[in-house]
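Please read the structure below before turning to the comments.
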Amino acid sequence: QVQLVESGGGLVKAGGSLRLSCVVSESISSFNYLGWYRQFPGKQRELVAGIAPYGSTSYADSVKGRFTISRDYAKNTVDLQMNSLKPEDTAVYYCAADSRSSRYWGQGTQVTVSS
C-alpha cells in the first residue's frame with residue numbers, strides 16, 4: 001500500500017511563506033502525476049499544483065507566481081513552496097500520487113494564514 005505523509009503546515013501571517021513536504025513510500029518515478037490539492041470547509045478538493053514525469057508543471061490560477069512545486073527523486077519527496085500567502089489560502093493541503101489505476105492521498109496538513 002502506497003503511503004504519503006505530508007508535513008510543514010502551520011500558522012503564518014499574510015505575506016509569509018511555508019514549505020510543505022510529502023514523503024512517498026514508493027519511488028516517485030513510478031507515478032504518472034504528482035500533485036498538491038487543497039480543501040476548503042464544505043468544498044471539494046481542488047488541484048493547487050501538479051508535476052508530470054517529464055517535469056512539466058501546472059498551477060491553479062489563484063497561486064500562479066506564488067507557489068512552486070518540486071520533486072526529489074533521491075528522497076522520494078514532492079514539495080510545495082508557498083510564498084506571499086494570503087488568508088484565502090487557508091485550507092487543508094493534501095499531496096497525491098497517481099498511478100495508472102489509482103490516486104493515493106496523504107492525510108493532509110492544515111495551513112492557516114492570518115490577516
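Observations on the structure shown:
- Where Rh is the Kirkwood radius over Cα pairs, Rg/Rh for the chain: 0.95
- Among the trypsin sites (Lys or Arg not before Pro) within the range 1-101, those in coil by DSSP and having at most 12 neighbouring Cβ atoms inside 10 Å are Lys43, Lys64, Lys75, Arg100.
- The residues of the chain expose on average 53 square angstrom of accessible surface per residue, using a 1.4 Å probe on protein heavy atoms.
- Structure remark: mean-square fluctuation, Gaussian network model of the chain, C-alpha springs under 10 Å; the largest value among Asp98, Asp72, Asp89 belongs to Asp72.
- Per-residue HN-Hα couplings for the range 36-49 [Karplus 6.51, -1.76, 1.60; θ = phi - 60°; Hz; x = Gly/Pro]: 10, 10, 9, 9, 8, x, x, 10, 6, 5, 10, 6, 9, 7
- Across the chain, the longest piece that holds none of the chymotrypsin sites (Phe, Trp or Tyr not before Pro) lying in DSSP loops with up to 10 other C-beta atoms within 10 Å covers 1-53.
- For the chain, the relative contact order is 37 percent, taking Cα pairs closer than 8 Å that sit 6 or more residues apart in sequence and dividing their mean separation by the residue count.
- Surface composition of the range 1-109: carbon and sulfur make up 48 percent of the accessible area, probe 1.4 Å.
The values are calculated or read from the model by the stated rules, or taken from the named source; none is laboratory data. Worth saying up front: this structure is predicted, and the values here are computed from it rather than measured. As a convention, Cβ positions derive from the backbone with ideal geometry for all residues, glycine included, and neighbour counts pool all protein chains shown. Just the protein is used for accessible areas: all its heavy atoms, side chains included, with ligands, DNA and RNA removed. Shrake-Rupley method; radii C 1.70, N 1.55, O 1.52, S 1.80 Å.
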